[in-house]
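Report on the following structure.
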């Protein structure tokens, strides 16, 4: 038996696009580039201090993900 369900969808709010930077013809959201840059700086510092690839990889991943999500959330809050 087939049933048809009708739903009402409210119109989506107009979203303000995130500030972007063009790299090789592709627009990248600024918060992503900031997260990657921060992660590279953290990786460099942790790599120099600990001389451990494992610690460097973990801190790089955690720092990059944290900045990515926090900057993304901050942008969405400011819309």
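Annotation for residue 53 and residue 76: the two label points, set 7 Å from Cα along the Cα-Cβ direction, are 3.6 nm apart.
Where the alpha-carbon atoms of segment 29-78 are placed on the principal axes, they occupy 39, 13, 12 Å, in descending order.
Only the coordinates and a few stated rules stand behind these numbers; no lab work does. For clarity, every value in this text was computed on a predicted model and none was experimentally measured. No Cβ is skipped: glycine too gets one built from the backbone with ideal geometry, and neighbour counts run over all protein chains shown.
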